[in-house]
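Everything on this sheet refers to the single structure shown next.
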Amino acid sequence: MDSTRQNKISRLIQKELSDIFLRMTKEMRGVMVSVSVVRVSPDLGIAKAYLSIFPSEKAAEIIEHLTNNTKAIRFELGNRVRHQLRIIPELRFYQDDSLDYIEHIDQLLKD
């Protein structure tokens, strides 16, 4: 069960990461990255960001690219939230494939 502080920090990080990824994906045509959920550990040291990526065929490539550039993304996040957070959590990125799963279930129900 998440505390109120964890929820507030999760929403703050989600908003700022969405902004950062919007700026980053403008350079790559035909790719859209949105942050579905951010979950912060109880000690506020780790933030797990679940990303919804369109088209889903490029998801593995984009997750790998983001993982390789975690330091730069964390630095950018730190610049944006330095007045709200004392310690910037370590970032981990995961693919949120819930939309693909819903589409698959719909397709099975149609058949």
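When you go through Ile20, Ile62, Ile9 one by one, which is the residue that is more than 13 Å from the chain's Cα centre (by Cα), assigned to a helix (DSSP H, G or I) and among the aliphatic types (A, V, I, L, M)?
Ile9
Can you tell me how many residues within region 3-47 are of a type in the set (S, T, N, Q) and under 15 Å from Ile63 (Cα atoms)?
Here the count works out to 4.
Of the residues Ile73, Ile53, Ile88, which is in a helix (DSSP H, G or I), in contact (Cβ under 8 Å) with a residue 12 or more places away in the chain and either among the aromatic types (Phe, Trp, Tyr) or under 17 Å from Asp19 (Cα atoms) (or both)? Let's see the steps before the verdict.
Details: Ile53 fails: in a helix (DSSP H, G or I); Ile88 fails: in a helix (DSSP H, G or I).
Of Ile73, Ile53, Ile88, the one residue that is in a helix (DSSP H, G or I), in contact (Cβ under 8 Å) with a residue 12 or more places away in the chain and either among the aromatic types (Phe, Trp, Tyr) or under 17 Å from Asp19 (Cα atoms) (or both) is Ile73.
Run Ala60 past the list (1) within 22 Å of Leu99 (Cα to Cα); (2) surrounded by 13 or more Cβ atoms within 10 Å (Cβ to Cβ) and report the number of the one that doesn't hold.
The one condition Ala60 does not meet is (2).
Throughout, read-outs are computed from the coordinates displayed, never taken from laboratory work. Only a predicted model underlies this, so the values are computations on that prediction, with no experimental measurement involved. Note that each Cβ is placed from the backbone with ideal geometry, even for glycine, and that neighbours are counted across all protein chains shown.
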